[in-house]
1. Restricting to the stretch 92-139, what's the tally of residues that are within 17 Å of Val68 (Cα to Cα) and among the charged types (D, E, K, R)?
2. Quick check on the stretch 43-72: of everything there that is over 20 Å from Lys17 (Cβ atoms) and hydrophobic (A, V, I, L, M, F, W, C), which residue is surrounded by the fewest Cβ atoms within 10 Å (Cβ to Cβ)?
3. Would you check if there is a residue in the stretch 79-93 being at pLDDT 80 or above and surrounded by 12 or more Cβ atoms within 10 Å (Cβ to Cβ)?
4. Looking at (1) at pLDDT below 90; (2) within 20 Å of the chain's Cα centre (by Cα), which is the one condition that is false for Tyr106?
5. Is it fair to say Glu44 is modelled with pLDDT of 90 or more and among the acidic types (Asp, Glu)?
6. Could you please find all residues in the stretch 114-138 being under 18 Å from the mean Cα position of the chain (by Cα) and part of a helix (DSSP H, G or I)?
Amino acid sequence: MPATAKYRFNVCTDGNKQNLSALRFVFPKGAVNYGKVKKIRRGEIVAGVVRKTVLGYLPKENISISHVDGYCKRLRERVSRYCRRAGTFSKKKTPFYYHLLIFQAYNNFIEPYKDKKTPCMIEGITSRRWDWDNIFMKFYQSS
């Protein structure tokens with residue numbers, strides 16, 4: 001269903017300036033509820049959080065980026081080429097892109113969350129956890 005003034009798209013970010021301009025460029029006026037989260041830090045410690053509605057209407061209790069923070073944490077933990085220059089650091093975009101696709105397949109179809117469901121199970125895309133054979137056979141059959 002496309003985002004319209006009747007069916008608004010809710011999005012929350014850390015408030016980088018390019019996010020607002022991208023949302024205004026991509027979506028029609030009045031189609032987005034946008035909230036941002038600013039973390040207040042004392043050194044490396046998060047001391048507080050400020051939530052602010054930027055576009056549309058989004059209750060402050062619904063403004064959160066914890067799911068994004070969790071995804072980024074999993075990405076950093078499991079894919080070393082995203083963290084720092086090392087032997088596994090991507091020197092070209094193509095291997096970087098393909099590695100991200102592999103991680104997304106693993107994260108969305110194979111790895112369960114706390115409720116023992118994968119993101120694709122939660123969204124109703126599939127009813128079971130997949131394994132690598134399922135993923136590679138789907139890819140092979142579609143090419």
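The values are calculated or read from the model by the stated rules, or taken from the named source; none is laboratory data. From a predicted model like this one, the values you see are computed outputs, not experimental measurements. Because the Cβ atoms are built from the backbone with ideal geometry, glycine has one as well, and the counts that use them run over all protein chains shown.
1. Counting residues in the stretch 92-139 that are within 17 Å of Val68 (Cα to Cα) and among the charged types (D, E, K, R) gives 3.
2. Ile45
3. Residues of the stretch 79-93 at pLDDT 80 or above: none.
Scanning the stretch 79-93 turns up no residue that is at pLDDT 80 or above and surrounded by 12 or more Cβ atoms within 10 Å (Cβ to Cβ).
4. In the conditions (1) at pLDDT below 90; (2) within 20 Å of the chain's Cα centre (by Cα), Tyr106 misses (1) alone.
5. Numbers: modelled with pLDDT of 90 or more: no; among the acidic types (Asp, Glu): yes.
No, not satisfied.
6. Of all residues in the stretch 114-138, those under 18 Å from the mean Cα position of the chain (by Cα) come to 114, 117-125.
Answer for the stretch 114-138, where residues must be under 18 Å from the mean Cα position of the chain (by Cα) and part of a helix (DSSP H, G or I): Pro119, Cys120, Met121, Ile122.
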